[in-house]
Every structure is written in C-alpha cells, then in structure tokens.
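Worksheet for the structure shown next.
The values are calculated or read from the model by the stated rules, or taken from the named source; none is laboratory data. Please read all numbers here as calculations on a predicted model, not as lab measurements. FYI the Cβ positions are ideal-geometry reconstructions off the backbone, even for glycines, and counts take in every protein chain you see. We work out accessible area using only protein heavy atoms, side chains counted, and drop any ligands, DNA or RNA first. Shrake-Rupley method; radii C 1.70, N 1.55, O 1.52, S 1.80 Å.
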Amino acid sequence: MTISSSPEYPASLQLTWPSQVLRGSAQVPASKSESNRALIIQALAGGGQLRNLSDANDTQLMERLLQDPAAATFDAEDAGTVMRFLTAYLAMTGRQTELVGTARMLERPIGVLVEALRQLGARIEYAGQEGYPPLRLQGRTPQPAEEDPTELTVRGDISSQYISALLMIGPTLPSGLRIWLTGKVGSRPYIRMTQALMQHFGAQCRDLGEVLEVRSQAYQPTDYTVEGDWSAASYWYAMVALAPAGSHLTLPTLRRYSWQGDQAIVGIMAQLGVQTEFLANESVRLTQTAPAAAVEQDFTDCPDLAQTVAVVAAALGVPTIMTGLESLRIKETDRIAALQQELAKFGGALTDEGEGRFRVSADGFEVKNQTVATYHDHRMAMAFAPLALRGPLTIEAPRVVRKSYPQFWQELGKIGFEVR
Ligand SMILES: O=C(O)C1=C[C@@H](OP(=O)(O)O)[C@@H](O)[C@H](O)C1
Ligand SMILES: C=C(OP(=O)(O)O)C(=O)O
C-alpha cells in the first residue's frame, strides 16, 4: 500500500479483506469540530496551547487561514465550519476581504448567518447568488455598548454552524449577544460543544433552550487537548459490525465523557451489533454482538452518523427507520440522493416514506466488485469502505477522505485490508 508516500491519491482504490477476524487497534484522527472551534477561540483569546489538533484538511486549512488575517481572499474550500466560523470571525474584525469556496460550497446556504452578522453591524455583500458564498466583507459599523445583550433571532433548522459561529464571537461584542432560536434546532450537540469550549477558555454562556446568552467578556488563553473524532470512529464501529464473528478492535483517544454528539454511535451501534467498553487511558474496545431485529433512529442531533448507519443496516439486513435527515441534503453532497444511488448497487435501498421518515431495506444485499462513487464527500467513501469486509470493492476518488481523516486508507491497510 503506497498511498502514504504519495501526495496524490489514485483515481480509485480497490479494497479486499482476507476473510479473517478483524482484530487490533486503529488510530482515529482528532476531532475536526473541536479543533476548528479551538482554533477560532484561541485566536480570539490571543493564546493557549492546543494539543492533538486534527490533521484533517478542514483543520489545517483553518489554521493556515487564521495565520494570515490580512489576506485579500479566504478560500474555505469545502469546509463548512471554516466558511461559517471565519465569516463571523472576519466580519467582526471590520476588515475588507472575500470568502470563497469550492463549487459545492457555493451551493451551501449562509444567508441566516449573514443576516445575523448584518444586525451586529457587519457590512456583507453576496458576490454571487443571494444567500450563498462567495461573500464580500466590507467592514463593520461599530455598535455602542448597551446594558442588555444584542438580541438576534436565528433559525436553527438549517445549520447549527451559524449559531456556533455567532456564539464564539459573542464575548468580543460590546454588549454580548442573546440568540433566540427558532424552528426545529438540528445538530444541537455541536452548539453545546461550542459552549463547552468557550467555557474552557473562560467565557460563560447561558443555555436556556431556545435562548442562548453570552455576555461581553474576555476569553482567557488556555491549553486544550483535542479528543479523538467520534464521527471518524463510526467507520470502525461499522467494520466491527460487518466483520466475521469474534472480531474486536481498540480505538485510542476517545473519552467516556465527550463533548461530541457523535458519541451517540455507542448507543446506535449497540443495536447494530457492536458493544463498547470504555477502557482506562481514553480508549474504547469494540466487540461484535448480535444486532436487534429492527432499529428506529433519529439523526437530528448526529447527522454525520447517518451514512455509516444506513450502510451497516442495509448490509446486515436490519430493517431500519431513519428520521432527522433534513440537513443531509445541504452537506458535502446531497447525502440522501448519494446513499440511494450507491446502496442500490448492492441491493440496498433508502426509501423516502414521507414526513421525514426513511426506511433502510435490502433485498439480497451482496458485495461483489461494485464501484462506489463518492460525490466529493469524505463520508460516502468511509461509510461504504467497511463493505469490503463482505467482498471486494472499489472506491472512487479516495482522496475525499482528506477532509476529515487523511490517514483512513493507511489505517485500513494496517489492520489487514489489501488496499490497491
Ligand atoms: O459545528 C460543526 O462542527 C459541525 C456541525 C454539523 O453541521 P450542521 O450544523 O450544518 O448540521 C456537522 O454536520 C458538521 O460535520 C460539523
Ligand atoms: C458536514 C460536514 O462538514 P462541514 O459541514 O463542516 O463541511 C461533515 O464533516 O460531514
């Protein structure tokens, strides 16, 4: 396996499993969500040492862009957190600059955040389509300090990243911020993660459910060690679920008490045949057990787990109802359409039953040399890769994993997959 030595990934990768039990230990990357928040807050705090930062492209990109705050253009590439967090961060500096991204990023909405920032005095224009990047930041009208926090009403049903972006700049505003959330709030644990990291850096945030409040206050430079990424861990859960009986794996750097909502994978995979044991030294041991006869799961709080779970449920033939998938349509790709296309190649289906309910089913699910398209989406590649435990498989554009888990294919090679 030569991927590690090559900066250029091949056009496709063939994965084969030598039909033995799956055993050993796999490295997950550090959480990109924690890393990207910690980087923004560190910049606002003016210090603090960050340990175990993610090597994900999304994080390296954030780090690089923050090092050159005077740049004329900031290219957020395909990183949602970079686009949304930097928009808020840069808008508050009052600088004139531009934020751009990949073609897909220009289809991912940002109007809710721009509208909120305008109410905080930011002058932001759309350089292309109204409500979408690219953005032109044209400075900021300073606002006087008031006794009461500035009130904003923000929709919570499109992306929680707007709310996290606003919260993080909240302490730096002269009057602080009171955010009224409307609509069905999705990805709520990511908002809590933001609050937890803000608090770690000395800024208090009150969470009253539909109202979030941050007073004007100084962040304190603080050190932080980033936890492993639970979304990335989900692919290893999938592997244990699909591996021959008797398989087990250890994953280091994962905490029992996590700030990441995607730790929900522990409970979800308990139903799909993977038992989790939290060990000392921040690691978990995954053991294969029997799956439930049927599963029903809401992904409102953990949308990034949906692809992993859909693929495992289809491959195991466990009838599964998935709800809370609304935000999947506006991520790196339309993940619902992508799942439907790719599952069909194996005899699986993700059927829209209306009213937000999707049914995973399978009719003679079989893995036999299919080629999986990845739609510029890291999670499509990583969610389908575990199927290689059931038969040979080709993954197109394997480079996509660099967004969150650059070492993914190497880790597969180390655990015993043939990766060509
Ligand atoms: O704040 C974050 O770090 C994230 C929030 C979620 O996005 P949405 O809030 O858009 O659902 C998640 O899907 C994304 O991978 C990371
Ligand atoms: C949706 C994702 O990321 P982002 O929104 O930050 O691009 C993801 O990593 O699955």
- Note on the structure: Over the stretch 32-59, the set of residues small (Gly, Ala, Ser), more than 16 Å from ligand 2 (Cβ to nearest atom) and either part of a helix (DSSP H, G or I) or free of Cβ contacts under 8 Å to residues at least 24 places away in the same chain (or both) is 43, 45
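From 120, 113, 137, grab the single residue that is free of Cβ contacts under 8 Å to residues at least 60 places away in the same chain, within 16 Å of ligand 2 (Cβ to nearest atom) and of a type in the set (A, V, I, L, M, F, W, C).
113
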- Matching residues, the stretch 284-309, being more than 16 Å from ligand 1 (Cβ to nearest atom) and either part of a loop (DSSP other than H, G, I, E, B) or among the hydroxyl-bearing types (Ser, Thr, Tyr) (or both): 287, 289, 290, 291, 292, 293, 294
- State whether the residues of the stretch 333-353 include one that is farther than 21 Å from residue 242 by Cα, in contact with a Phe, Trp or Tyr (Cβ under 6 Å, 6 or more places away or on another chain) and part of a loop (DSSP other than H, G, I, E, B). yes
- Item | Residue satisfying all of: in the stretch 19-31; in contact with an Asp or Glu (Cβ under 7 Å, 6 or more places away or on another chain) and in a loop (DSSP other than H, G, I, E, B); most open to solvent (accessible area, probe 1.4 Å) among these | 27
- Checked against (1) surrounded by fewer than 16 Cβ atoms within 10 Å (Cβ to Cβ); (2) out of contact with any Lys or Arg (no Cβ under 7 Å at 6 or more places or on another chain); (3) within 22 Å of residue 299 (Cα to Cα), residue 183 satisfies every condition except (2)
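For the stretch 93-110, name all the residues that are within 16 Å of ligand 2 (Cβ to nearest atom) and not in a strand (DSSP E or B). Don't jump to the end; show me each part of the working.
Within the stretch 93-110, the first condition is being within 16 Å of ligand 2 (Cβ to nearest atom), and the residues that meet it are 99-110.
101, 102, 103, 104, 105, 106, 107, 108, 109, 110, listed by residue number.
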- Inside the stretch 48-59, the number of residues satisfying the requirement of being more than 16 Å from ligand 1 (Cβ to nearest atom) and either in contact with a Pro (Cβ under 8 Å, 6 or more places away or on another chain) or under 28 Å from residue 139 (Cβ atoms) (or both) is 2
- Can you name the residue in the stretch 60-92 that is away from ligand 1 (no atom under 16 Å from the Cβ) and part of a loop (DSSP other than H, G, I, E, B) and is also least open to solvent (accessible area, probe 1.4 Å) among such residues? 71
- Query: Using beta carbons and a limit of 6 Å, which pairs, at least six apart or on different chains, have the first residue in the stretch 218-237 and closer than 19 Å to residue 189 by Cα and within 14 Å of ligand 1 (Cβ to nearest atom) and the second one acidic (Asp, Glu) and open to solvent by less than 10 Å² (accessible area, probe 1.4 Å)?
  - Reply: 226/34; 230/262; 231/262
- Task: Go through the stretch 175-204 and give me each residue that's closer than 14 Å to residue 165 by Cα and away from ligand 1 (no atom under 15 Å from the Cβ).
- Result: 176, 177, 178
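Tell me, which residue of the stretch 123-175 that is part of a strand (DSSP E or B) and among the hydroxyl-bearing types (Ser, Thr, Tyr) is surrounded by the fewest Cβ atoms within 10 Å (Cβ to Cβ)?
Pass one, the stretch 123-175, residues part of a strand (DSSP E or B): 123-126, 135-140, 150-155.
Right, trim to among the hydroxyl-bearing types (Ser, Thr, Tyr) and you get 126, 150, 153.
Details: 126: 15, 150: 19, 153: 12.
If we take residues in the stretch 123-175 being part of a strand (DSSP E or B) and among the hydroxyl-bearing types (Ser, Thr, Tyr), then 153 is surrounded by the fewest Cβ atoms within 10 Å (Cβ to Cβ).
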- strands (runs of 3 or more DSSP E) lying entirely in the stretch 355-420 (those with 1 or more residues that are over 18 Å from residue 32 (Cα atoms) and among the charged types (D, E, K, R)): 357-362, 393-396
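Kindly evaluate residue 99 against the criterion of being of a type outside the set (Asp, Glu), away from ligand 1 (no atom under 16 Å from the Cβ) and either buried (at least 17 other Cβ atoms within 10 Å of the Cβ) or within 25 Å of residue 221 (Cα to Cα) (or both). First the steps, then the outcome.
Numbers: of a type outside the set (Asp, Glu): yes; away from ligand 1 (no atom under 16 Å from the Cβ): yes; either buried (at least 17 other Cβ atoms within 10 Å of the Cβ) or within 25 Å of residue 221 (Cα to Cα) (or both): yes.
Judged against the criteria, residue 99 is a match.
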